[in-house]
Amino acid sequence: MFGFIRSISFTAQLMVPVTGLILFTIAWFFPGNLQPGTVYGNGFFYLPENGWLYVLWTGMNGLPLWVQIAPSCLTAILTATQLVRNDLDNTLMGTRSYAMAFVFLFLVTSNGHFFLFHPAMLAGLFMVLSYRFLLDLYKDENEYSLVFAMSFSWGVAILLYPPILLLFPAILAGLLLMVTTNWRHWLVCLMGVATPILIASVTWFLIGNLDYEIVTFLSWFELRHVFIPAFISREPFITAWLGLILLITVFGSWKYRNPKIQSRQLFQANFVLFLSILLMTVLLERTSTEVLWLLVIPVTYLMTFWALKVEKPWRRDLFFFSLLLFFAFFRIIRLV
């Protein structure tokens with residue numbers, strides 16, 4: 001049934017934004033558990049009650065639900081499109097298709113809690129963009145402007161969602177795996193990450209908010225006293241969803257066989273990113289459901305390769321049907 005994801009036709013390309021719009025529109029008509037201001041703040045997410053994004057973020061609470069869902073929908077479609085562009089320009093999957101976009105959209109919507117906007121979603125888009133520059137750098141290792149662009153994107157992501165700072169070693173691992181580095185790469189990389197942070201810091205200093213923003217930034221890094229995140233212990237259905245994702249990730253990793261060197265190196269970098277996100281979730285008290293959006297990004301790469309190469313189509317169909325069942329379940333669980 002889901003064999004269309006292997007297509008490279010214009011129809012398949014058009015279906016990417018249409019699929020995103022359909023899935024997010026259904027959530028608008030059947031909001032289920034999307035009540036702003038519930039267990040974890042605005043929906044099921046957390047943001048410190050200060051900082052430059054908090055007023056804008058909480059200000060969305062009083063707006064109609066579709067206004068709160070629209071930015072998430074747009075960010076999801078843009079992220080899916082960028083993932084496909086990364087794949088098509090480098091043939092990472094070994095065959096040209098729009099499958100990566102569909103896998104990403106089904107994964108993020110199946111969680112049931114990614115419809116209200118959170119800055120981590122936009123940060124995830126910049127993470128994907130940074131991998132775009134890393135893949136281009138693989139073709140021209142001495143193009144230092146690409147190193148700067150890659151790390152600059154990561155610096156913007158850190159500003160949007162500070163816990164991503166703990167994931168920065170993952171992008172350094174990608175640089176080590178895919179590029180023959182020298183001291184210039186590391187210097188330019190450091191400059192790229194620092195530039196957006198310095199620009200923001202100077203701006204905050206000039207308007208007198210620097211100390212306030214530093215305290216906000218540091219508040220994200222409070223360590224957990226209990227290593228089971230609250231959103232897992234309070235929401236067993238999220239635990240079930242995460243268990244499915246971990247299961248198919250382990251199975252897909254075991255089955256991973258890609259003859260292309262660039263793809264294998266990117267797989268290793270994505271796996272480091274995947275483990276780093278899990279570690280960040282366990283360590284930091286302030287991380288909540290929004291972190292799973294970031295987790296979906298490396299999972300998408302692996303699951304797409306598996307979905308394209310699976311020998312028995314019913315297994316691929318079962319994977320997508322499982323995600324659709326989670327999507328439907330989260331839409332109706334608070335309506336009955």
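The values are calculated or read from the model by the stated rules, or taken from the named source; none is laboratory data. Note that this is a predicted model, so its numbers are computed, not measured. Every residue, glycine as well, gets a Cβ built from its backbone with ideal geometry; the counts of neighbours run over all protein chains shown.
Take the residues in region 162-186 that are touching a helix residue (DSSP H, G or I) at 6+ places or on another chain (Cβ under 7 Å) and not hydrophobic (A, V, I, L, M, F, W, C); name whichever of them is modelled with the lowest pLDDT.
First, the residues of region 162-186 that are touching a helix residue (DSSP H, G or I) at 6+ places or on another chain (Cβ under 7 Å): 162-171, 173-175, 177-179, 181, 184-185.
This time we only want the ones that are not hydrophobic (A, V, I, L, M, F, W, C), so: 162-163, 169, 174, 181, 184-185.
Details: 162: 91, 163: 91, 169: 81, 174: 81, 181: 76, 184: 87, 185: 87.
My answer is 181.
Quick one: in region 82-110, of everything that is of a type in the set (D, E, K, R) and touching a residue at least 60 places away in the same chain (Cβ under 8 Å), which residue is surrounded by the fewest Cβ atoms within 10 Å (Cβ to Cβ)?
So in region 82-110, the residues of a type in the set (D, E, K, R) come out as 85, 87, 89, 96.
Within this subset, residues satisfying the condition of being touching a residue at least 60 places away in the same chain (Cβ under 8 Å) are 87, 96.
Numbers: 87: 25, 96: 13.
So, considering only residues that are of a type in the set (D, E, K, R) and touching a residue at least 60 places away in the same chain (Cβ under 8 Å), the one surrounded by the fewest Cβ atoms within 10 Å (Cβ to Cβ) is 96.
Go over the candidates 90, 142, 182 one by one and state the one that is under 25 Å from residue 303 (Cα atoms) and of a type outside the set (D, E, K, R).
90
Conditions (1) loosely packed, with under 15 Cβ neighbours inside 10 Å; (2) touching a Gly at 6+ places or on another chain (Cβ under 7 Å); (3) within 18 Å of residue 159 (Cα to Cα); (4) at pLDDT below 85, marked per residue:
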{"site": "204", "(1), (2), (3), (4)": "no, no, yes, no"}
{"site": "228", "(1), (2), (3), (4)": "yes, no, no, yes"}
{"site": "236", "(1), (2), (3), (4)": "yes, no, no, yes"}
{"site": "241", "(1), (2), (3), (4)": "no, no, no, no"}
{"site": "246", "(1), (2), (3), (4)": "yes, no, no, yes"}
{"site": "250", "(1), (2), (3), (4)": "yes, no, no, yes"}
{"site": "254", "(1), (2), (3), (4)": "yes, no, no, yes"}
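For region 110-129, what are the residues that are not hydrophobic (A, V, I, L, M, F, W, C) and not in a helix (DSSP H, G or I)? Full working, then the answer.
Initial filter on region 110-129 (not hydrophobic (A, V, I, L, M, F, W, C)): 110-113, 118-119, 124.
Result: 111, 112, 113, 118.
Of the residues in region 136-163, how many are closer than 23 Å to residue 69 by Cβ and either surrounded by 22 or more Cβ atoms within 10 Å (Cβ to Cβ) or in contact with a Cys (Cβ under 7 Å, 6 or more places away or on another chain) (or both)?
Narrowing region 136-163 to residues closer than 23 Å to residue 69 by Cβ: 157, 160-161.
Then drop every residue that is not either surrounded by 22 or more Cβ atoms within 10 Å (Cβ to Cβ) or in contact with a Cys (Cβ under 7 Å, 6 or more places away or on another chain) (or both), which leaves 157, 161.
Qualifying residue count, region 136-163: 2.
Here is a yes/no grid of residues against (1) touching a strand residue (DSSP E or B) at 6+ places or on another chain (Cβ under 8 Å); (2) under 30 Å from residue 181 (Cα atoms); (3) buried (at least 22 other Cβ atoms within 10 Å of the Cβ); (4) among the hydroxyl-bearing types (Ser, Thr, Tyr):
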| residue | (1), (2), (3), (4) |
| --- | --- |
| 67 | no, no, no, no |
| 76 | no, no, yes, no |
| 80 | no, yes, yes, no |
| 121 | no, no, yes, no |
| 131 | no, yes, yes, yes |
| 134 | no, yes, yes, no |
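Quick check on region 295-310. Is at least one of its residues among the charged types (D, E, K, R) and in a helix (DSSP H, G or I)?
yes
Which condition breaks for residue 92 when tested against (1) under 17 Å from residue 14 (Cα atoms); (2) not in a helix (DSSP H, G or I)?
For residue 92, the exception is condition (1).
Could you list, in sequence order, the residues of region 156-189 that are aromatic (Phe, Trp, Tyr) and within 24 Å of residue 291 (Cα to Cα)?
161, 168
Are there any pairs, at least 6 apart or on different chains, whose C-beta atoms fall under 8 Å, with the first in region 1-30 and closer than 20 Å to residue 113 by Cα and among the aliphatic types (A, V, I, L, M) and the second part of a loop (DSSP other than H, G, I, E, B) and modelled with pLDDT under 75, and if so, which?
27/34
Taking the conditions exactly as written (among the β-branched types (Val, Ile, Thr) and in contact with a strand residue (DSSP E or B) (Cβ under 9 Å, 6 or more places away or on another chain)), does residue 291 satisfy them or not?
Judged against the criteria, residue 291 is a match.
Every residue, every condition in (1) closer than 22 Å to residue 324 by Cα; (2) in contact with a helix residue (DSSP H, G or I) (Cβ under 6 Å, 6 or more places away or on another chain), yes or no:
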position: 86; (1), (2): no, yes
position: 100; (1), (2): yes, yes
position: 104; (1), (2): yes, yes
position: 113; (1), (2): yes, no
position: 122; (1), (2): no, yes
position: 130; (1), (2): no, yes
position: 152; (1), (2): no, yes
position: 159; (1), (2): no, yes
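Tell me, please, whether a residue that is farther than 28 Å from residue 282 by Cβ and over 25 Å from the mean Cα position of the chain (by Cα) can be found in region 192-202.
So far as region 192-202 goes, yes, one or more of its residues are farther than 28 Å from residue 282 by Cβ and over 25 Å from the mean Cα position of the chain (by Cα).
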